[in-house]
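Everything on this sheet refers to the single structure shown next.
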Amino acid sequence: MRFFVYIFISLFLSSCLKEEYPQNEFKEQLVVEGSIRQDRVAEVMLTLNMDKSEEISEETMRDKIVRWAVVHVTDVDRNDTEKLIGMVDERYPTRFVYKSSRIQGRIGGTYRLDITYSGRQWSAETTIPNPNKLYDIKMEHVKDNLYRLQAKIKPNAEGLPYMIRCATSFTEEDRPIYYPPALFGIFDSCEQENVITINRPIDYTNIAEYSTLFLKFEDVHIEFCTMEKFGYKYWSVWENCTLNSLNPVFPVDEVPPTNITGGAAGIWMGYGVTSYIVRPVNIPIPPQQTQ
Amino acid sequence: MKHYLSLFCTLILLVASHIAYAQQDSVAMSVKVEQVTVTSDKRVFSEADRYGNIAINTKQLFSMPRIAGSIDIVRMLQYSPGVIVSNDGDTSIYVRGGDAGQNLTLLNNAPIYSPAHLFGFFSVFNTPHISGATFLKSSMPAQYGSVLSSVLDVRPNSYIPTKFGIEGNIGLIESDLALQIPMGKKSAIFLSARHSYISWLVQAISKIDMNVKYEFEDYGLTYVQELGKVGKLVVNSHFNNDKADANLSLFDTKALLHWWDSTSSAVLETPIGDNLTMKNTIYATFFNNKFGAYLIGNDFFSPSGVTDIGYKHTTEWSINKFSLLGGVDYAHRRIRPQNIMSSLTTQNKDAQTQLTHEVALFASALYKPWRHLEIDAGIRFSLYNIGSENFFNFEPRVLIATPFAESGRVWVAYNKTIQYLQLIPQSNASFATDFYVSSNYEHPPQISHNFSVGYGQSALKQQLRWSVELFYRQMYNVLEFDTRLNTMLSANYNIYDYIYSGVGEAYGAEFMLSYSHPKFDIQAHYTLSRSLRQFKKLNHGKAFAATTDRPHNLSFLAVYRPTKQWSLSATFLYATGGAYTAPTAIEMVGGSFLKEYGAYNGARLPDYHRLDLSVTYWFKSKKFQRNGINISVYNVYLRRNPLLLSWNVVEDEENPEVYRIKDASPALFEILPSISWTFKF
């Protein structure tokens, strides 16, 4: 009997001890969202993550924007390096962006990103793949003044993943400069000529009135962005995190991977992009290359 | 369509048994009619014939607290030692640190792959239709295989009633009816049916803007035939069906969840002489699950299922101090893992169908060399085939027990168990969207080494009983499934890429105390345990708490019968909150806030506890054998036991320009009163 008493006491104590495996502790980290596409300059947004208990407001978010980093982009093939200039631009989600002026992306080019901030260094490398071509795009009237947008993509030779970014505007003045990923707009390959539905990017700040459909008279700015396989890994986890965080059947507990070496979160990715503007009122309109 | 096939098989078996009976009837022979075993033990749980295992007395379930007017055999297992308390809404049981898919449920020797209805309120068993059950978790006899943690062996009624009987229950959300129909002195039929009208309750508990329809139904048929020297034939068929539809205004989403299980089996038990008994079973089980949704202009549909056809044979032979048992099992399964089809993918419906064969030979011997020593040793050899891949395993099992002084016993048990058919969990809670896959070389069968040592004692003429049992388990190739909904829709999706194999360890102590008195019964169980997992691909390879790791588990059950008419009962459950993965930080990428998650299962849900009360008034009636009104209250003190914890970015209540990340912890049932009428005549 004494044996059982001993066992019981030791088990009880062991279960009361602090768990030995890793617990949840906030660790401040640099978050990188950088991109380069053909015929465009490099763009890099830098922020710091924040503890989940912090409030999220303009003021607190401003404190998390990294404005004093030293950011370089190198065209690896031409051994050409440029220091990016940080500037305020309200059209970007972070309100602050680092941009190159001389180095522009080209298809097949490899580009390295180097960041120095607060005595630490991070780097990443990416290549711009061939873009996809559009076979067809069509608008379908659904109800009232709402339209569904569908497209058919011509696969690229490599069968690489791609992402649809999308933004809307009503006038030339409010034309967007930053296109967030469209809802369900991340695809792991483009080997088949599937018809895909292009959905409006989700807006959590006004979720009650959110619709996947587009409005009459609004310009729909669409980018088809071919990317390396890592881009799919990153953006598919990102999409899942933003969509399913409250889903009990398919729960989320994943952190997006990163291709930034040195311990930062985020992504530095080269995109092969084709851009189009579609306006529902003029259906059908031929796709217009904005390049 | 296949459930009709299953019922058709049952009819064929019925006809075949009649033919067999007709042949036997022409020969004069003495027929030994099996008597219904009536136990004087009023406990719901009593010690089974094997140490540390549990026999469930269904006749005593009628005095237990009811949930929504119904009593349930699987739900009541939560009040037994070693079974971890599961959350509201969880449809499975968790035994000794094991996962939901490591338990096997048998009905008349045939497996049932979906033993519970949605939300776990009800199992698929109509209580009046079953005579009892045995719950095996400590020492697994050699004839049970392909399961890692536990077996719930449910037996349908198999006696020959002397007269026609009707038994039923009419409640607020479901009603059931059971018939016993004698067909002469040597055969009988038992029929049962249950149907729910639960949609209003599901609608009431939905916390989001959603239109939900949900119904379930169960049907059972058992045919019993005494066959003289040939023995007794029990043919059983069971069909359960769940169907849920939901329309969600957000994203214009429609979802469908439909699953059904159809099981038919025939067991022929043949005594040969006084010391030899043979038992032959054939069975067919069809389990199908369909999960589909219409989401933002895209349809996706995810069928999965298992078809299981098998044969079992056991021979038991008693000679002197030995009881020997030997036999063979065979199961052929057609497994269809979850295979998402949508307008975005072009996967072939049957592309991933798996055909498997499992054969097992087993033998065991119970030896009682003297009064205070019992040795039960067995071994099971199994051969498993899927395509060109083969597995061969052996599972030794041994139990050494020393009953002493009529009232006490000490036992030590070791079992090695293997499981080839794997249940893949979609989420932290066991849910109807879970699905089955076969083991293969990439994901070999799960293996568990189970050790236990126990001590039990009774006093006061067995009115007072207590026991303690320590256990330790080392598990290999346990599974975690870590996929994403959007990944599942991709053209290159392969389920096995997201199934991870790792190791697990569980250990603990189970304590039981019970006191039985003519006017009241008290049973208390406490389990102190840990369950850990380690996977190379999860949590940076470091060990983490299993989802079912709940160090403290306490259950308390009391029944008071002041008079013959009144029965009052109370149950209380307490458990440490389950492990889950919580966010630690937030970042802004892609124009959205993104949560960064911390250590895998590194956080805890709030502790679970709940009190249920029940009162039954039994009317005096000469017409009825049982006639009572039951009023019960589930979760009396409105404890919010969250189904899960989610974290969302929400607008601050005071300052609309400020957002915060807050936990949303939906509780399924805050309180649930019910009233029901129970009758039997």
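The values are calculated or read from the model by the stated rules, or taken from the named source; none is laboratory data. Because the structure is predicted, anything quoted here is derived from the model rather than measured. Because the Cβ atoms are built from the backbone with ideal geometry, glycine has one as well, and the counts that use them run over all protein chains shown. We work out accessible area using only protein heavy atoms, side chains counted, and drop any ligands, DNA or RNA first. Shrake-Rupley method; radii C 1.70, N 1.55, O 1.52, S 1.80 Å.
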Could you please tell me which pairs satisfy a Cβ distance under 8 Å, a separation of 6+ or placement on different chains, a first residue in segment B:556-583 that is away from every other protein chain (no Cβ under 14 Å), and a second residue that is surrounded by 22 or more Cβ atoms within 10 Å (Cβ to Cβ) and charged (D, E, K, R)?
B:Leu557/B:Asp521; B:Ala558/B:Asp521; B:Val559/B:Asp521
Those residues of segment A:205-244 which are of a type in the set (A, V, I, L, M, F, W, C), at pLDDT 90 or above and open to solvent by 20 Å² or more (accessible area, probe 1.4 Å) amount to A:Phe230
If you scan segment A:141-151, which residues turn out to be surrounded by 14 or more Cβ atoms within 10 Å (Cβ to Cβ), out of contact with any helix residue (DSSP H, G or I) (no Cβ under 7 Å at 6 or more places or on another chain) and assigned to a strand (DSSP E or B)?
A:Val142, A:Leu146, A:Arg148, A:Leu149, A:Gln150, A:Ala151
Taking the condition of being open to solvent by less than 20 Å² (accessible area, probe 1.4 Å) and small (Gly, Ala, Ser), how many residues in segment B:517-539 meet it?
2
Quick check on my filter: what residues within segment A:71-102 are more than 22 Å from the chain's Cα centre (by Cα), more than 19 Å from A:Met227 (Cβ to Cβ) and not hydroxyl-bearing (Ser, Thr, Tyr)?
A:Arg78, A:Asn79, A:Asp80, A:Glu82, A:Lys83, A:Arg102
Number of positions in segment A:82-99 that are at pLDDT below 95 and among the hydroxyl-bearing types (Ser, Thr, Tyr)
2
Strands (runs of 3 or more DSSP E) (entirely within segment B:561-672) containing at least 3 residues that are at pLDDT 85 or above:
B:566-575, B:583-589, B:608-618, B:626-634
Positions within segment A:209-243 being assigned to a helix (DSSP H, G or I) and among the hydroxyl-bearing types (Ser, Thr, Tyr), in sequence order
A:Tyr232, A:Tyr234, A:Ser236, A:Thr242
Tell me whether segment A:95-107 contains one or more residues that are within 12 Å of chain B (Cβ to nearest Cβ) and not in a helix (DSSP H, G or I).
yes
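Rundown of residues vs (1) touching a Leu at 6+ places or on another chain (Cβ under 8 Å); (2) open to solvent by 50 Å² or more (accessible area, probe 1.4 Å); (3) of a type in the set (Gly, Ala, Ser), yes/no style:
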{"position": "A:Arg78", "(1), (2), (3)": "no, yes, no"}
{"position": "A:Glu82", "(1), (2), (3)": "no, no, no"}
{"position": "A:Gly86", "(1), (2), (3)": "no, no, yes"}
{"position": "A:Asp89", "(1), (2), (3)": "no, no, no"}
{"position": "A:Tyr92", "(1), (2), (3)": "no, no, no"}
{"position": "A:Ile103", "(1), (2), (3)": "no, no, no"}
{"position": "A:Ile115", "(1), (2), (3)": "yes, no, no"}
Here's a check for you: in segment B:242-261, which residue that is open to solvent by less than 60 Å² (accessible area, probe 1.4 Å) and among the small types (Gly, Ala, Ser) is modelled with the lowest pLDDT?
B:Ala246
All positions within segment B:95-129 that are assigned to a strand (DSSP E or B) and at pLDDT below 90:
B:Ala116, B:Phe119, B:Ser123
Exactly one of these conditions fails for A:Val252: (1) more than 7 Å from chain B (Cβ to nearest Cβ); (2) closer than 30 Å to B:Asn601 by Cβ; (3) part of a loop (DSSP other than H, G, I, E, B); (4) modelled with pLDDT of 75 or more. Give me its number.
(4)
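Going residue by residue through segment B:583-596, is there one that turns out to be among the hydroxyl-bearing types (Ser, Thr, Tyr) and closer than 30 Å to A:Ile177 by Cα?
Within segment B:583-596, one or more residues are among the hydroxyl-bearing types (Ser, Thr, Tyr) and closer than 30 Å to A:Ile177 by Cα.
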In a loop (DSSP other than H, G, I, E, B), open to solvent by 30 Å² or more (accessible area, probe 1.4 Å), hydroxyl-bearing (Ser, Thr, Tyr) and over 23 Å from B:Gln338 (Cβ atoms), is that true of B:Thr547?
no
For segment B:554-602, name all the residues that are among the β-branched types (Val, Ile, Thr) and open to solvent by less than 30 Å² (accessible area, probe 1.4 Å).
B:Val559, B:Thr571, B:Thr576, B:Thr581, B:Thr584, B:Ile586, B:Val589
